[in-house]
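This report concerns only the one structure given below.
The values are calculated or read from the model by the stated rules, or taken from the named source; none is laboratory data. A quick note: this is a predicted structure, and the numbers were derived from the prediction, not measured. Heads up, the Cβs are rebuilt from the backbone with ideal geometry, glycines too, and the neighbour counts pull from every protein chain shown. The accessibility values were calculated without ligands, DNA or RNA, using every heavy atom of the protein model including side chains. Shrake-Rupley method; radii C 1.70, N 1.55, O 1.52, S 1.80 Å.
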Amino acid sequence: MKHLESMEQFEELRNNGKTIFMFSAKWCGDCRFIEPVLPEIEAKFTDYTFIHVDRDQFIDLCQQQDVYGIPSFIAFENGKELGRFVSKDRKTQEKIESFITGLK
């Protein structure tokens, strides 16, 4: 999964194509829990670009997007929010895939 490098990159990815942003942090245990399954999820949903957003590096973006629990996922297509899986609860591969399937 590619890592977000700038706010300009966020705007570009959000506004062009189908992108899922995963908000996470190095210290987040629940984020580490799902890390091993993320490549498999990416491989199943190739019509989306997956981008990792470091919560500590982009705290202003998290506030702007109302992301207060991590890991959280927000999907966009050409600037329009398709959906969000935002909560403080632990995510599983099945729940993440169900969220993405529900976007279509």
Inset, instruction - Mind listing the lone cysteines of the chain, meaning no other Cys beta-carbon sits under 4.7 Å from theirs? - result: C62
Inset, instruction - Return the single residue from T46, T92, T19 with maximal mean-square fluctuation; model: Gaussian network over the chain, springs between Cα atoms under 10 Å. - result: T46
Inset, instruction - At 7 Å along the Cα-to-beta-carbon direction for both E94 and Q63, put a label point, then send me their distance in nm to one decimal. - result: 3.8 nm
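Given charges of +1 on the Cβ of Lys and Arg and -1 on the Cβ of Asp and Glu, with all other atoms neutral, how large is the dipole of the chain about its Cα centre, in debye to the nearest 20?
On the way: 14 positive and 18 negative charges, 66 e Å.
Magnitude of the dipole: close to 320 debye.
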Legend entry - Per residue, in Å², the accessible surface of the chain once ligands and nucleic acids are set aside, probe 1.4 Å: 54 Å²
Legend entry - segment 3-73, relative contact order [Cα under 8 Å, separation at least 6], %: 48 percent
